[in-house]
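Colleague: Starting off with a structure, shown below.
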């Protein structure tokens, strides 16, 4: 059985990102996957990596639970908005506090790249944005996607990481949004 973890990085529960998370969940339920969820905004934690990597900041219980969910999942589904060609501060803080040495990667002395502790897992990244994909790709060089896909997920061994880029959301019609919800439901059904 596939264990799917849906992680929502949007701080607003009324957002379209929450509807997309639920659409994926609906599809994954049809595929009889074991599903767990993390809404980062529901967690009680300090997003600041207070001592960097010099000293471990004590993990709050919500982060310990989140790390267990990440470790137990086969497939991670991240849903978040792209803001200023990055992701929300609360999501960045969550990554800083959970994707740590000894948890998601292990530095190897004398080597530039670490041991990847999340090998064997796959991911789907669902990003909402106002910038069209062509603009993000051609002019901005996809900073949020490169940072998250390559610099975080693949760095820790998660592969493949597939992308769903939904834009422009601003001023979109209800019909357009509904079509994307249907597409994301199908992604959930196929567990992709």
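The values are calculated or read from the model by the stated rules, or taken from the named source; none is laboratory data. All values derive from a computational prediction rather than experimental measurement. With ideal geometry, Cβ positions are generated from the backbone for all residues, glycine too; neighbour counts draw on all protein chains shown.
Colleague: Among the helices (runs of 4 or more DSSP H) lying completely within the stretch 73-192, list those that include at least 1 residues that are closer than 30 Å to residue 57 by Cβ and either in contact (Cβ under 8 Å) with a residue 60 or more places away in the chain or in contact with a helix residue (DSSP H, G or I) (Cβ under 6 Å, 6 or more places away or on another chain) (or both).
Modeller: 89-98
Colleague: Continuing with this model, one more query. Go through (1) out of contact with any helix residue (DSSP H, G or I) (no Cβ under 7 Å at 6 or more places or on another chain); (2) exposed (fewer than 15 other Cβ atoms within 10 Å of the Cβ); (3) at pLDDT 95 or above for residue 69 and report which single condition fails.
Modeller: Result: residue 69 fails condition (2) only.
Colleague: Among the residues of the stretch 49-61 satisfying the criterion of being touching a helix residue (DSSP H, G or I) at 6+ places or on another chain (Cβ under 9 Å) and modelled with pLDDT of 95 or more, which is surrounded by the fewest Cβ atoms within 10 Å (Cβ to Cβ)?
Modeller: 60
Colleague: Also, quick follow-up: Does the stretch 102-113 include one or more residues that are at pLDDT 95 or above, more than 15 Å from the chain's Cα centre (by Cα), closer than 27 Å to residue 4 by Cα and surrounded by 15 or more Cβ atoms within 10 Å (Cβ to Cβ)?
Modeller: yes
Colleague: If you scan the stretch 163-192, which residues turn out to be under 24 Å from residue 3 (Cα atoms) and loosely packed, with under 13 Cβ neighbours inside 10 Å?
Modeller: In the first step, residues of the stretch 163-192 are kept if they are under 24 Å from residue 3 (Cα atoms); the result is 163-165, 180-192.
Passing the criteria: 182, 190.
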